[in-house]
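What follows is a single structure, written as structure tokens, with notes after it.
The values are calculated or read from the model by the stated rules, or taken from the named source; none is laboratory data. What you see is a predicted model, and the numbers here were worked out from it, not measured in a lab. Note that each Cβ is placed from the backbone with ideal geometry, even for glycine, and that neighbours are counted across all protein chains shown.
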Amino acid sequence: MNKKLTQLGRQVKQPSSPDKAVLEAVANPHPDTDYLVRFTAPEFTSLCPITGQPDFAHFVIDYVPGAKIVESKSLKLFLTSFRNASGFHEDCSLTIGKRIAAAIKPKFIRVAGFWYPRGGIPIDIFWQSGKLPSNVWLPDPGVQNYRGRG
């Protein structure tokens with residue numbers, strides 16, 4: 001096991017905020033091959049910075065790793081650290097993407113945040129960085145646009 005990992009295989013307290021969350025990386029087991037990694041977080045929550053009410057989103061995070069991959073337990077703890085943090089949808093979405101990019105320096109990353117309606121308007125935030133290798137398939141995020149009750 002990587003001795004630098006501080007969370008995997010250990011009981012760890014939930015970080016109190018995204019700033020205090022530790023996002024960890026491990027060596028890419030196939031650095032000679034371009035491939036896509038997808039994380040889906042359908043029950044993401046944060047707090048509205050104005051009202052303090054909960055906001056809900058469905059995140060799809062796609063990346064093509066370079067030398068490192070995201071350690072998934074640390075990603076889970078990082079994402080859930082937003083539950084008691086306030087931020088506009090744009091801030092939460094870009095903070096997630098930029099922190100992952102800084103931690104692993106992927107060849108390509110795309111973060112799609114599908115936020116549930118606030119004030120009757122759903123807000124979807126998309127951010128990407130890097131160039132998708134030509135030999136990698138990037139599937140559609142698979143999240144339908146908000147349609148209400150039908």
Residue that is surrounded by the fewest Cβ atoms within 10 Å (Cβ to Cβ), among those in segment 62-86 that are assigned to a strand (DSSP E or B) and either touching a Leu at 6+ places or on another chain (Cβ under 8 Å) or modelled with pLDDT under 95 (or both): Ser86
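Condition (residue is modelled with pLDDT of 95 or more and assigned to a strand (DSSP E or B)) applied to segment 87-94: is it met by at least one residue?
Here is the first cut: in segment 87-94, the ones modelled with pLDDT of 95 or more are 87-94.
Within this subset, residues satisfying the condition of being assigned to a strand (DSSP E or B) are none.
Within segment 87-94 (the criterion being modelled with pLDDT of 95 or more and assigned to a strand (DSSP E or B)), the answer is no, since none of the residues qualifies.
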Condition broken by Gly142, with the remaining ones in (1) surrounded by fewer than 20 Cβ atoms within 10 Å (Cβ to Cβ); (2) at negative phi satisfied: (2)
Every pair of residues 6+ apart whose Cβ atoms lie under 7 Å, when the first sits in segment 130-141 and is touching a residue at least 40 places away in the same chain (Cβ under 8 Å) while the second is β-branched (Val, Ile, Thr): Gly130/Ile109; Leu132/Val64; Pro133/Val64; Val136/Val64; Pro141/Val60
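From Ala25, Ala21, grab the single residue that is over 27 Å from Phe88 (Cβ atoms) and of a type outside the set (S, T, N, Q). Spell out the reasoning first.
Details: Ala21 fails: over 27 Å from Phe88 (Cβ atoms).
The match here is Ala25.
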Per-region count, segment 7-52, residues surrounded by fewer than 16 Cβ atoms within 10 Å (Cβ to Cβ) and either part of a helix (DSSP H, G or I) or aliphatic (A, V, I, L, M) (or both): 7
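Tally up the residues in segment 104-129 that are among the aliphatic types (A, V, I, L, M), surrounded by 16 or more Cβ atoms within 10 Å (Cβ to Cβ) and either in a strand (DSSP E or B) or under 12 Å from the mean Cα position of the chain (by Cα) (or both), please. Walk me through how you get there before you give the answer.
The first filter runs over segment 104-129 and keeps only residues among the aliphatic types (A, V, I, L, M), leaving 104, 109, 111-112, 121, 123, 125.
Filter again for surrounded by 16 or more Cβ atoms within 10 Å (Cβ to Cβ), leaving 104, 109, 111-112, 123, 125.
Retained after the next criterion (residues that are either in a strand (DSSP E or B) or under 12 Å from the mean Cα position of the chain (by Cα) (or both)): 109, 111-112, 125.
Going through segment 104-129 one residue at a time, the tally reaches 4.
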